[in-house]
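**Q** Have a look at the structure that comes next, please.
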Amino acid sequence: MGRYVTRRLLQMIPVFVGTTLLIFLMVHVMGDPVAGLCGERQCDPATEARLRQEFGLDQPVWRQYLTYMGNVFSGDFGTAFNGQRVIDLMATAFPVTLRLTLVAVVLEIVIGITLGVVTGLRRGRPVDTSVLLLTLMAVSVPIFVTGLLAQLLLGVEWRLVPPAVSAAAPLDELIVPGLVLASVSLAYVTRLTRTSVAENARADYVRTAVAKGLPRHRVITRHLLRNSLIPVVTFIGTDVGALMGGAIVTERIFNIHGVGFQLYQGILRQNTQTVVGFVTVLVIVFLLANLLVDVVYAVLDPRIRHA
Amino acid sequence: MALLEVTGLHVEFRTRDGTVPAVSGVSYRVDAGETLAVLGESGSGKSVTAQAVMGILDSPPGRITAGRVLFRGQDLLTLKEERRRRIRGAEMAMIFQDALSALNPVLTVGAQLGEMFTVHRGMSRKAARAEAVRLMDRVGIPAAKDRAGDYPHQFSGGMRQRIMIAMALALEPALIIADEPTTALDVTVQAQVMDLLAELRRELAMGLVLITHDLGVVADVADRIVVMYAGRIVESAPVRDIYRRPAHPYTEGLLESVPRVDRKGRELYAIKGLPPNPRRIPPGCAFHPRCPRAREVCRTEVPPQFEVAPERTSACFFWRETPGGTGAPDGTEMRGGTEMPGGTETPGGTRAPGGTEEGDG
Amino acid sequence: MPEPRVSPAGDGAVAATGAGGAMDLATSEGAARERGPEGPPVPRGTAPGDAGPGGGGPVGRPRGLWADAWRDLRRDPVFVVSALVIVFLVVIAVRPSLIAGGNPLSCDLGRAQEGARPGHPFGFTAQGCDVYTRTVYGARTSVVVGVLASLGVALIGSVLGGLAGFFGGFWDAALSRVTDIFFGIPVVLGGLVLLSVVTSSTVWPVIGFMVLLTWPQLSRIARGSVLSVKQNDFVQAARALGASSTRLLLRHILPNAVAPVIVVATIALSTFIALEATLSYLGVGLKPPAVSWGIDISNASPYIRNSPHMLLWPAGALAVTVLAFIMLGDVVRDALDPKLR
């Protein structure tokens, strides 16, 4: 197991370097970082030259990348447009987004898996058909529309929840945004679980479990679910990183000051440091989530572990 | 009282393209301590019958439309599911063909064996684990104690099938249904596993229903044989009679198509045609398109079971013309060197299975 | 499917992130899809169906596969409905004036936010433009972006992935690494970064960005497909008979490996349409004067409380379009999945 994890970690290094380099290059293409640093005003040439030298922008791109990564690993993510340190922005933004993601993932697991198991065991019945229709709707209505509608109906018309999330972003205010953020993934978890359960329900080992005279609930929880959830766990794991990076739209609709909000600001103001810093951390989170998935996968499926 | 008595069992599958009959009026009985072989090609309904008996038929699409399954005198088909569940595994157990897919890939074999004891006997996990190790030991798995923590994919095919057998024997059931227990194994391992099964069956005096398409396996261990074709039983007889004097053209064909040393060099006999598509089973006798003895009546009427001899039936209108009907011994060559694959004895030989050597009429 | 990971949106068609997971979804879901109660017609263990002819190998002959698929599709109401919706969308994308006489850019501030009235069934936007006309013209953008991006991705992805799968070795390994790297970048995030500097109001930068960031997903599908076809005996036989690589690829592998690519590209199409709308909503996709559902939804969102019609019509059109392409991809996959026949 230890060797397995080590191997996966080593395989991640080139991916990490490649992805962050790609982001670095993309941001480089994005515009002149110095122009953004001076805010709305035009920098005077002397300051500009000084800044360029200070940030090493007169160096070739690969040198800049190396310097930047060196700084990142010593905890220095640079400075944001308003003079705040990027790491301070992160300290306020990431906990908020982390909570939002947590809410979304919990909803995915609880609602998605429950619906998936129920429909997977009752294929073709009315409950199955209606849940399938719901998931199709969730998948085909883009999240920004879902979010706007949820805000309008739940927040404005029926006043069930506050239409915008307060700065502290407590968990209870994040339930509706979390549901919106999770909606598409939720539909996929439901469908994936359903398919997996239905497929495994016909598997030989389930028939063996029935032939052993095990009670139905034991057949389902111990034999059927354990196997069926392997692909679902994989999906949810990789989705954690995706949800965090993907919260831009949701955070914008509900005015949540998380990672997406800061990134959006950084991009609007063309602040390289903020964008690269946040994206780098997101990539790390994504890669770690993938590693976690691999580990969980190996725990759930001994065939992988011993391979 | 018979241990198991299946009467007039009908099973059909409802599919998109209509209803497909899988089993059409199958009846057989197994006494305690007896081995019954159910012989047939894939699609003949032999496994479906077994699944109906065990109560593990996929339904939908499968459905039992008629018949009775008497187990120790009570009709299983009318029992409540909870009662049936308690019988499954404890009083009747099943061994499946492909142990790799029949064992749960993500649970250790120790856990899968121990489960029998925790669920049916209410044992503690620790005690169940000890029982599991004892069972593994008994079916001949080396270092059972260490290997109980291993997963099915870590065992060889033969060892996995031994575990499958251990699982079926765990609670010493009165009846075991083995569905092609050796088909997925290498020939050398087949004999070992079959010997183990026969030995344990004898030791525990269990009834065994052995489902197979392999004549060689049957010859060694079975007391009686029923031959199935297209969802019906075509012939039912004690094992020696059927090898010596088959009373149905299909059985004749099966026996003829086994390679035999004494006919080396001659072209191997093959039953002409293909097994019928269950969606389009021929009217009348389902075997008639392939039968060398078929006549007009075979096309239109379904043959009933004719009593050929005591304990012997044949579903052929012209059974009297078969070796089993003419009473004429079919010559020593037939009995003689019938070398069955995997088998070590000639079917007509003296080694009667299960030690139930009874007078050779 | 608006959020950055385009991953789940298209049935994992374009998995921005969850490499394995989403891909599994794309394939595994097909395996047990809505066969519902009809289920597999054969009982397990014994298969009465075994006896029947036409068990079919894992990969049928190309003509048989397509012909069978077409026969199945014609009878599938889901296919018929989604195909009709798509044909309708394409027609109005080509000639919007067929059903909308007005000019989407001619607006009258005096009628801003007004509701439906004769001649203007959907009402007016905040700028006083006719919502009906704009919704109809918006289809053009969506269809053009979706179709071109899918074509681009399918072409680049299958050429690179197919060649890597066929030749293996160094380029295959290199492609796999590159694919891994692209999977690490959330698509909406990448879009924000790359498109925020673009000032053009045409669809080309948006399409270019989509192709640039999502081709690796298609290449992975194509690679896998070519690899599995390559294993087949008929390919080995052709090779043994001395067929050249080109001939093997074009004549034996291509026709058999192309089905999954087509399916995934179709589903990806819906993803691209949703993605364009999302980016336009965020203000970095298409920019006015381009007409896009995303722009209209974005412009309408501040007024959602008092004039929901401004938002609901383009949003509804967007949802129906995305749904039509998802369903089309779904049924085409089912029809082409040899495992199900």
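**Q** Pick from segment B:49-63 the residues that are touching a residue at least 60 places away in the same chain (Cβ under 8 Å) and of a type in the set (A, V, I, L, M): which of them is farthest from the other protein chains (Cβ to nearest Cβ)? So that I can check it myself, show each step before the final result.
**A** Taking segment B:49-63 as the starting set, the residues that turn out to be touching a residue at least 60 places away in the same chain (Cβ under 8 Å) are B:49-50, B:53-54.
Filter once more, so that each one left must be of a type in the set (A, V, I, L, M): B:50, B:53-54.
Working: B:Ala50: 8, B:Val53: 11, B:Met54: 6 Å.
Residue satisfying both the conditions and the ranking: B:Val53.
**Q** Please determine whether any residue of segment C:180-200 is within 14 Å of another protein chain (Cβ to nearest Cβ), surrounded by fewer than 18 Cβ atoms within 10 Å (Cβ to Cβ) and either free of Cβ contacts under 8 Å to residues at least 60 places away in the same chain or on the phi > 0 side of the Ramachandran plot (or both).
**A** Yes: one or more hits.
**Q** Let me ask something additional. Residue under question is B:Met334, and the condition is that it be assigned to a loop (DSSP other than H, G, I, E, B), out of contact with any Asp or Glu (no Cβ under 6 Å at 6 or more places or on another chain) and at pLDDT below 80; does it hold?
**A** Details: assigned to a loop (DSSP other than H, G, I, E, B): no; out of contact with any Asp or Glu (no Cβ under 6 Å at 6 or more places or on another chain): yes; at pLDDT below 80: yes.
Against the criterion (assigned to a loop (DSSP other than H, G, I, E, B), out of contact with any Asp or Glu (no Cβ under 6 Å at 6 or more places or on another chain) and at pLDDT below 80), B:Met334 does not qualify.
**Q** Okay, next question. Take segment C:291-304 and flag every residue that is at pLDDT 80 or above, assigned to a loop (DSSP other than H, G, I, E, B) and either facing chain A (nearest Cβ under 9 Å) or over 18 Å from A:Ile143 (Cβ atoms) (or both).
**A** Answer for segment C:291-304, where residues must be at pLDDT 80 or above, assigned to a loop (DSSP other than H, G, I, E, B) and either facing chain A (nearest Cβ under 9 Å) or over 18 Å from A:Ile143 (Cβ atoms) (or both): just C:Val291.
**Q** Provide a single number: the residues in segment B:6-35 that are farther than 19 Å from B:Arg201 by Cβ and either in contact with a strand residue (DSSP E or B) (Cβ under 8 Å, 6 or more places away or on another chain) or of a type in the set (Asp, Glu) (or both).
**A** The first filter runs over segment B:6-35 and keeps only residues farther than 19 Å from B:Arg201 by Cβ, leaving B:6-27.
Remaining after also requiring either in contact with a strand residue (DSSP E or B) (Cβ under 8 Å, 6 or more places away or on another chain) or of a type in the set (Asp, Glu) (or both): B:6-14, B:17, B:19-27.
Total meeting the criteria: 19.
**Q** Considering only residues that are within 20 Å of B:Val106 (Cβ to Cβ) and within 14 Å of chain A (Cβ to nearest Cβ), look in segment B:121-147 and name the one that is surrounded by the most Cβ atoms within 10 Å (Cβ to Cβ).
**A** That would be B:Ala132.
**Q** While we're on this one: Identify, please: which residue in segment C:36-87 is modelled with pLDDT of 85 or more and surrounded by 14 or more Cβ atoms within 10 Å (Cβ to Cβ) and is, among those, farthest from the chain's Cα centre (by Cα)?
**A** Checking each candidate, the answer is C:Val81.
**Q** Is there any pair with a first residue in segment B:155-177 that is within 18 Å of B:Arg84 (Cα to Cα) and a second that is outside any helix (DSSP H, G or I) and of a type in the set (Gly, Ala, Ser) whose Cβ atoms are under 6 Å apart and which are 6 or more apart or on different chains, and what are they?
**A** Every condition considered, the pairs that remain are B:Ala168/B:Ala93; B:Leu171/B:Ala90; B:Pro173/B:Ala93; B:Leu175/B:Gly207; B:Ile176/B:Ala93.
**Q** Take A:Leu192 and tell me if it is over 18 Å from B:Glu82 (Cα atoms), under 33 Å from the mean Cα position of the chain (by Cα), touching a residue at least 60 places away in the same chain (Cβ under 8 Å) and surrounded by fewer than 21 Cβ atoms within 10 Å (Cβ to Cβ). I'd like the intermediate steps shown before the answer.
**A** Values: over 18 Å from B:Glu82 (Cα atoms): yes; under 33 Å from the mean Cα position of the chain (by Cα): yes; touching a residue at least 60 places away in the same chain (Cβ under 8 Å): yes; surrounded by fewer than 21 Cβ atoms within 10 Å (Cβ to Cβ): no.
No, not satisfied.
**Q** Has segment B:307-325 got any residue that is farther than 21 Å from B:His213 by Cα, assigned to a loop (DSSP other than H, G, I, E, B), basic (Lys, Arg) and more than 22 Å from the chain's Cα centre (by Cα)?
**A** No, segment B:307-325 has no match at all.
**Q** Something else now. Select from segment C:305-318 the residues that are buried (at least 20 other Cβ atoms within 10 Å of the Cβ) and at the interface with chain A (Cβ under 8 Å from one of its Cβ atoms) and write down the one among them that is farthest from C:Ala277 (Cα to Cα).
**A** Checking each candidate, the answer is C:Leu311.
**Q** Can you name the residue in segment B:88-114 that is in a helix (DSSP H, G or I) and more than 7 Å from every other protein chain (Cβ to nearest Cβ) and is also surrounded by the fewest Cβ atoms within 10 Å (Cβ to Cβ) among such residues? Break it down stepwise before answering.
**A** Of all residues in segment B:88-114, those in a helix (DSSP H, G or I) come to B:99-102, B:109-114.
From what's left, more than 7 Å from every other protein chain (Cβ to nearest Cβ): B:99-100, B:109-114.
Values: B:Ala99: 27, B:Leu100: 16, B:Val109: 28, B:Gly110: 24, B:Ala111: 19, B:Gln112: 25, B:Leu113: 25, B:Gly114: 26.
Among residues in segment B:88-114 that are in a helix (DSSP H, G or I) and more than 7 Å from every other protein chain (Cβ to nearest Cβ), the one surrounded by the fewest Cβ atoms within 10 Å (Cβ to Cβ) is B:Leu100.
**Q** For A:Leu102, state whether it is closer than 26 Å to A:Ile248 by Cβ, assigned to a helix (DSSP H, G or I) and within 14 Å of another protein chain (Cβ to nearest Cβ). Can you show your working first?
**A** Working: closer than 26 Å to A:Ile248 by Cβ: yes; assigned to a helix (DSSP H, G or I): yes; within 14 Å of another protein chain (Cβ to nearest Cβ): no.
No, not satisfied.
**Q** Please list, ordered by residue number, the helices (runs of 4 or more DSSP H) wholly in segment A:195-307 having 1 or more residues that are at pLDDT 85 or above.
**A** Details: elements: A:204-211, A:226-245, A:248-253, A:259-268, A:272-300, A:302-305.
Per the criteria, A:204-211, A:226-245, A:248-253, A:259-268, A:272-300.
**Q** Mind checking which residues of segment B:22-44 are facing another protein chain (nearest Cβ under 10 Å) and either among the small types (Gly, Ala, Ser) or more than 20 Å from B:Asp179 (Cβ to Cβ) (or both)?
**A** B:Ala22, B:Gly40, B:Ser42, B:Gly43, B:Ser44
**Q** Residues of segment B:160-208 being hydrophobic (A, V, I, L, M, F, W, C), assigned to a loop (DSSP other than H, G, I, E, B) and at pLDDT 85 or above, which ones?
**A** In the first step, residues of segment B:160-208 are kept if they are hydrophobic (A, V, I, L, M, F, W, C); the result is B:163-171, B:174-178, B:184-185, B:187, B:189, B:191, B:193-194, B:196-198, B:200, B:204-206, B:208.
Going one step further and asking which of them are assigned to a loop (DSSP other than H, G, I, E, B), we end up with B:170-171, B:174, B:184-185, B:205-206.
Passing the criteria: B:Ala170, B:Leu171, B:Ala174, B:Ala205, B:Met206.
**Q** What is the number of the single condition among (1) within 14 Å of chain A (Cβ to nearest Cβ); (2) of a type in the set (Ser, Thr, Tyr); (3) under 12 Å from C:Pro216 (Cα atoms) that C:Ser158 does not meet?
**A** Unmet for C:Ser158, out of (1) within 14 Å of chain A (Cβ to nearest Cβ); (2) of a type in the set (Ser, Thr, Tyr); (3) under 12 Å from C:Pro216 (Cα atoms): (1).
**Q** Which number in (1) touching a helix residue (DSSP H, G or I) at 6+ places or on another chain (Cβ under 7 Å); (2) in contact (Cβ under 8 Å) with a residue 40 or more places away in the chain; (3) part of a helix (DSSP H, G or I) marks the one condition that B:Asp150 misses?
**A** Looking at each condition in turn, B:Asp150 falls short on (3).
**Q** Name every residue in segment A:195-226 that is over 22 Å from B:Phe117 (Cβ atoms) and buried (at least 23 other Cβ atoms within 10 Å of the Cβ), in order of residue number.
**A** A:Thr195, A:Ser196, A:Val197, A:Ala198
**Q** For the condition acidic (Asp, Glu), in contact with a helix residue (DSSP H, G or I) (Cβ under 9 Å, 6 or more places away or on another chain) and either within 11 Å of chain A (Cβ to nearest Cβ) or more than 24 Å from B:Ala198 (Cβ to Cβ) (or both), what is the one hit in B:Asp17, B:Asp75?
**A** Values: B:Asp75 fails: in contact with a helix residue (DSSP H, G or I) (Cβ under 9 Å, 6 or more places away or on another chain).
Unique residue meeting the criteria: B:Asp17.
**Q** Specify which of the listed residues (A:Gly266, A:Gly246) is at the interface with another protein chain (Cβ under 9 Å from one of its Cβ atoms), under 22 Å from C:Thr278 (Cα atoms) and touching a residue at least 24 places away in the same chain (Cβ under 8 Å).
**A** On the way: A:Gly266 fails: at the interface with another protein chain (Cβ under 9 Å from one of its Cβ atoms).
Answer to the check: A:Gly246.
**Q** Tell me, which residue of segment A:80-137 that is buried (at least 19 other Cβ atoms within 10 Å of the Cβ) and of a type in the set (Ser, Thr, Tyr) is farthest from the chain's Cα centre (by Cα)?
**A** Applying the filter and picking the extreme gives A:Thr119.
**Q** Could you grab me the full set of residues in segment A:110-126 that are assigned to a helix (DSSP H, G or I) and in contact with a helix residue (DSSP H, G or I) (Cβ under 8 Å, 6 or more places away or on another chain)?
**A** The initial filter retains those residues of segment A:110-126 that are assigned to a helix (DSSP H, G or I), namely A:110-121, A:126.
Those that are assigned to a helix (DSSP H, G or I) and in contact with a helix residue (DSSP H, G or I) (Cβ under 8 Å, 6 or more places away or on another chain): A:Ile111, A:Gly112, A:Ile113, A:Leu115, A:Gly116, A:Val117, A:Val118, A:Thr119, A:Gly120, A:Leu121.
The values are calculated or read from the model by the stated rules, or taken from the named source; none is laboratory data. Quick caveat: nothing in here was measured; it's all calculated off a predicted structure. Neighbour counts run over all protein chains shown; Cβ positions are idealised from the backbone, glycine included.
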